[in-house]
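Engineer: The structure that follows is given in the form of structure tokens.
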Amino acid sequence: MTQAPLKIKAVLFDFDGTLTKPGALDFDRIKAAIGCPQEIPVLEYMGGITDAVRRREVSRVLDRFEMEAAEISEANVGAEAIIPYLKELGILLGILTRNTLKTVIWALENFKNTKVSDFDLVITRDDQLRPKPHPEGILWAAEKMGVRPEQVLMVGDFAFDMLAGEQAGACTVFLDNRGRSGKARGELFQHIRAGRPESHL
């Protein structure tokens, strides 16, 4: 029996809490250190700072926290199994994160079998694109990978990932880390083949 063609051509992974185990980044501590109100996301707060000196200072503090988190990051359950599995299917792989590239590379040093070169595209805040939940990163990734936005699957553990995917017209999978982060790779494959607009793992 002939299998139906894959509807998903590319998968974009969030990084912290998706490819890595959640909890390495303590946003409460970060916000307290930089004076960011709890109700405002860190990057949006930093983007609203008009004083260049103050903005550089906040950026340095954020970089320090992110590097400390990268040092203790671990691969999330099943993350290192799904990467080669998807590559075998011929699916393009990318990372879309609000972190910097150096922290992604540093965190991946703690992975046993995964490195940055395993991904076709890594998009970070160094790329000067509007961060999630804005869809710009996903649309840019689709263009770079040569696929349509609806052929992209965004996988993440936070509302910003889902909002970005929905606004870009991509499919989305929400990764629920509350004791259920280790879904079988075959189950994710079913979502990829079906190309469902939204899924919850």
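Engineer: Which residues, counting only those in the range 114-136, are within 12 Å of Ile83 (Cα to Cα) and either surrounded by 15 or more Cβ atoms within 10 Å (Cβ to Cβ) or of a type in the set (Val, Ile, Thr) (or both)?
Structural biologist: Answer for the range 114-136, where residues must be within 12 Å of Ile83 (Cα to Cα) and either surrounded by 15 or more Cβ atoms within 10 Å (Cβ to Cβ) or of a type in the set (Val, Ile, Thr) (or both): Thr114, Val116, Asp118, Phe119, Asp120.
Engineer: Scan (1) more than 16 Å from Thr97 (Cα to Cα); (2) assigned to a helix (DSSP H, G or I); (3) in contact with a strand residue (DSSP E or B) (Cβ under 8 Å, 6 or more places away or on another chain); (4) of a type outside the set (Lys, Arg) for the single condition Glu143 breaks and write down its number.
Structural biologist: (3)
Engineer: While we're on this one: Just for the range 110-140: of the residues that are without any contact (Cβ under 8 Å) to a residue 24 or more places away in the chain, of a type in the set (D, E, K, R) and not in a helix (DSSP H, G or I), which one is nearest to Asp16 (Cα to Cα)?
Structural biologist: Lys115
Engineer: Any idea which residue in the range 100-113 is farthest from Ala170 (Cα to Cα), counting only those that are surrounded by fewer than 17 Cβ atoms within 10 Å (Cβ to Cβ) and either among the polar types (S, T, N, Q) or within 14 Å of the chain's Cα centre (by Cα) (or both)?
Structural biologist: This residue is Asn110.
Engineer: Taking the criterion of being modelled with pLDDT under 95 and among the β-branched types (Val, Ile, Thr), would at least one residue in the range 61-82 satisfy it?
Structural biologist: Yes, some residue in the range 61-82 is modelled with pLDDT under 95 and among the β-branched types (Val, Ile, Thr).
Engineer: Still on this structure: State whether one or more residues within the range 89-96 are within 16 Å of Lys21 (Cβ to Cβ), assigned to a loop (DSSP other than H, G, I, E, B) and open to solvent by 10 Å² or more (accessible area, probe 1.4 Å).
Structural biologist: no
Engineer: Among the residues in the range 50-72, are any surrounded by 13 or more Cβ atoms within 10 Å (Cβ to Cβ) and in a loop (DSSP other than H, G, I, E, B)?
Structural biologist: no
Engineer: Same structure again: Can you tell me which residue among Ala184, Ala159 is surrounded by fewer than 17 Cβ atoms within 10 Å (Cβ to Cβ) and at pLDDT 65 or above?
Structural biologist: From the options Ala184, Ala159, the qualifying one is Ala159.
Engineer: Can you confirm whether Glu39 is farther than 30 Å from Glu150 by Cβ, open to solvent by 30 Å² or more (accessible area, probe 1.4 Å), not basic (Lys, Arg) and not in a helix (DSSP H, G or I)?
Structural biologist: So Glu39 fits the description; yes.
Engineer: Taking the range 9-27 as the search range and keeping residues that are over 13 Å from Ala107 (Cβ atoms) and hydrophobic (A, V, I, L, M, F, W, C), which one is surrounded by the fewest Cβ atoms within 10 Å (Cβ to Cβ)?
Structural biologist: Phe27
Engineer: In this structure, is Ala75 under 23 Å from Phe27 (Cα atoms) and either of a type in the set (A, V, I, L, M) or open to solvent by 10 Å² or more (accessible area, probe 1.4 Å) (or both)? Walk me through it before giving the result.
Structural biologist: Numbers: under 23 Å from Phe27 (Cα atoms): yes; either of a type in the set (A, V, I, L, M) or open to solvent by 10 Å² or more (accessible area, probe 1.4 Å) (or both): yes.
Answer is yes for this residue.
The values are calculated or read from the model by the stated rules, or taken from the named source; none is laboratory data. Just so it is clear, the structure is predicted and the values come from calculations on it, not from any experiment. Reconstructed Cβ throughout: ideal geometry from the backbone, glycine too, with neighbour counts over all protein chains shown. These area figures cover heavy atoms from the full protein model, side chains too; ligands, DNA and RNA do not enter into them. Shrake-Rupley method; radii C 1.70, N 1.55, O 1.52, S 1.80 Å.
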